Amino acid sequence: MKRILLTGAAGYIASHTWLSLRAAGFEVLGVDNFANSSPLVLDRLQQLLGEAPRFERIDVCDTVALGALLRREPVDAVVHFAAHKAVGESTQQPLAYYRNNLLGLISTCEAMRETGCSRIVFSSSATVYGVPERLPIREDAPTSSVNPYGATKLIGEQILRDLGAADPQWQTACLRYFNPVGAHESGLIGEDPRGVPNNLMPYVAQVAVGRRERLQVFGGDYDTVDGTGVRDYIHVVDLADGHVAALNRLLAQEGSFTVNLGTGRGYSVLELVRAYAEASGREIPYEIVERRPGDVAACYADPSEAERLLGWRARHDLARMCADSWRWQSLNPIGFNAP
Ligand SMILES: NC(=O)c1ccc[n+]([C@@H]2O[C@H](COP(=O)([O-])OP(=O)(O)OC[C@H]3O[C@@H](n4cnc5c(N)ncnc54)[C@H](O)[C@@H]3O)[C@@H](O)[C@H]2O)c1
């Protein structure tokens, strides 16, 4: 049985990936420092897995601790999720973002090298495309960084390319996620943002459950179907399955790759709000306000390369994304802080 290390394992996307990997027959080991997650995730994973998740509290910047773990428990590959992820915060705290995201990646690769593991899947982001010139976005589109968070993803990809060029033993997969949303169908795990949610669906979910009064929609005059911004929302379980497909490819064949993980279909803010209102049976009050600097009108993937290389495609539609998000939100109105 192949063993995989997940860094940032208690986080939103990693916890769902943990379930997909176990379902696909992988052994999973997780590390996290709970910078943006709760240890309660591990209890929920235990309920879902029917076994205690194998987990250690480690900061990935601590190469010695990570190396010691990998020596004790060698793995066939690492999926590196651990990172800070809030775009706005990254513009206010650039050093914290460069430190955690870049040092964390370098430290993880060093610990892997010391222990003879050379396969890594990296959580990249559609943000590396900056302001897209053409839609849908293909992997060969120009890249640029428009904020420190995006820069850490672009530089992270570059570090992995340089590593592969220096030593062909390394096999790297950069997965450029579009907009992960939704939750596991059990309602036991899901996205649990601290403070004001940065992303649209968790915000809408909190309005629906009564934690926030109304949604502010940034910009109603874009050149889109209804004037509001269009994004490619992808169900987190589809995204998790994309990691399984990427690992299967890395384990079966030599070589490295970079792929988009999106659905290829864009939805506007108001389309999402309507779908959420329908799924939840709740009204979602909203007001349209000024555009936010740096936002683009529309962004959606060309996901065909992931289908060609990995045999993967997203399966869940927007209604399902909203229904699963709402199940999680309504069962856990205050996230993992619920009594
Ligand atoms: N959610 C999105 O919209 C999105 C989009 C594109 C890319 N990504 C990337 O995907 C990855 C996972 O995102 P997520 O949404 O699950 O975020 P998340 O915050 O829920 O998960 C990240 C996890 O990493 C942990 N972590 C952070 N720094 C760490 C460190 N130094 N050592 C150990 N653990 C650490 C956090 O505690 C958290 O549990 C991140 O790299 C993120 O940048 C996310």
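FYI, it's all coordinate maths here, none of it is from the lab. If you're wondering where the values come from, they're calculated on a predicted model, not measured in any experiment. Neighbour counts are summed over all protein chains in view; Cβ atoms, including those assigned to glycine, are modelled from backbone coordinates with ideal geometry.
What list of ³J(HN,Hα) couplings, whole Hz, do you get for the range 115-132 from phi and the Karplus terms 6.51, -1.76, 1.60, once you set θ to phi - 60° and write x for glycine and proline?
Karplus-based 3J(HN,Hα) across the range 115-132 equals 10, x, 9, 9, 10, 9, 9, 10, 6, 9, 8, 4, 4, 5, 7, x, 8, x Hz.
Using modelled amide H (1.01 Å from N, peptide plane; none on Pro or chain starts), what sits under 5 Å from the amide H of LEU6, excluding residues fewer than 5 places away?
Those lying under 5 Å, H to H, from LEU6 are LEU29, GLY30, VAL31, VAL79.
For the range 302-314, what does the Karplus curve 6.51 cos²θ - 1.76 cosθ + 1.60, with θ = phi - 60°, yield as ³J(HN,Hα) per residue in whole Hz, taken in order and with x for Gly and Pro?
My calculation for the range 302-314 gives 9, x, 5, 5, 5, 5, 5, 7, 10, x, 10, 8, 6 Hz in order.
Work out how much length ARG3 to ASP62 would gain on full extension: take 0.36 nm times their residue separation and subtract the Cα-Cα distance, in nm to one decimal.
Contour length minus the Cα-Cα distance gives 19.1 nm.
What does the C-alpha gyration tensor say about the overall shape of the range 114-232? Classify as rounded when a/c is under 1.5, otherwise prolate if a/b is larger than b/c, or oblate. Intermediate values should be presented prior to the final figure.
Values: a/c = 2.74, a/b = 1.55, b/c = 1.77.
Here the range 114-232 falls in the oblate category.
What is the spread of the Cα atoms of the chain along each of their three principal axes, largest first, in whole Å?
54, 46, 38
With labels modelled as points extended 7 Å from the Cα through the Cβ direction, what inter-label distance (nm, one decimal) is found for ASP167 paired with VAL209?
Between ASP167 and VAL209, the label points sit 4.4 nm apart.
Based on a Kirkwood Rh over C-alpha pairs, give the Stokes-Einstein translational diffusion coefficient of the range 196-317 at 4 °C and viscosity 1.567 mPa s in µm²/s.
So the translational diffusion coefficient is about 80 µm²/s.
Please give the peptides 232-238, 100-106 ranked by average Cβ packing (other Cβ atoms within 10 Å per residue), highest first, as a rough proxy for protection.
232-238, 100-106
Between beta-carbons, use under 11 Å as the cut-off and find the net charge around GLY220, counting Lys and Arg +1, Asp and Glu -1.
Around GLY220, the surrounding residues sum to -3.
Expected output is a single nm value to one decimal: the length gained when fully extending between GLU254 and ARG71, i.e. 0.36 nm times separation in residues minus the C-alpha distance. What is it?
63.5 nm
Between GLY264 and residues 5 or more places away or on another chain, which pairs have amide H atoms under 5 Å apart, with H built 1.01 Å from N, and which residues are they?
ALA301
Kindly provide the GluC sites (Glu not before Pro) of the range 138-199 that DSSP labels as loop, not H, G, I, E or B, and whose Cβ sees at most 14 other Cβ atoms within 10 Å.
Passing both the DSSP loop test and the Cβ count: GLU185.
Post the alpha-carbon centroid distance, the range 134-207 to the range 25-47, in whole angstrom.
Here the answer is 19 Å between Cα centres.
Compute the separation of the alpha-carbon centres of the range 74-100 and the range 102-133 and state it in Å as a whole number.
Spelled out, the Cα-based centre of one part sits 10 Å from the other.
Taking amide hydrogens as modeled 1.01 Å from N in the peptide plane, which residues meet the under 5 Å criterion relative to THR258, leaving out close sequence neighbours?
CYS174
What percent does the relative contact order of the chain come to when contacts are Cα pairs within less than 8 Å and at least six residues apart? Kindly include the intermediate steps, with their values, before the conclusion.
Working: 679 pairs, mean separation 63.9, N = 339.
Contact order relative to length: 19 percent.
Could you run the Debye sum over the Cα atoms of the range 1-123, one equal point scatterer each and no solvent, and tell me log10 of I(q)/I(0) at q = 0.15 Å⁻¹, two decimals?
-0.64
Report the FRET efficiency, 1/(1 + (r/R0)^6), for LEU49 and ASP223, where r is their Cβ-Cβ distance and R0 is 41 Å, rounded to 0.05.
Efficiency at R0 = 41 Å is approximately 0.35.
Efficiency by 1/(1 + (r/R0)^6): what FRET value for SER145 and ILE106, r their Cβ-Cβ distance, R0 = 25 Å, to the nearest 0.05? Display every interim value, and only then the final one.
Working: r = 18 Å, r/R0 = 0.71.
After rounding, the FRET efficiency stands at 0.90.
Ranked from highest to lowest mean number of other Cβ atoms within 10 Å per residue, what is the order of the peptides 244-250, 309-315? Spell out each step's value before the answer.
On the way: 244-250: 21.1, 309-315: 17.6.
So the peptides 244-250, 309-315, ranked by packing, come out 244-250, 309-315.
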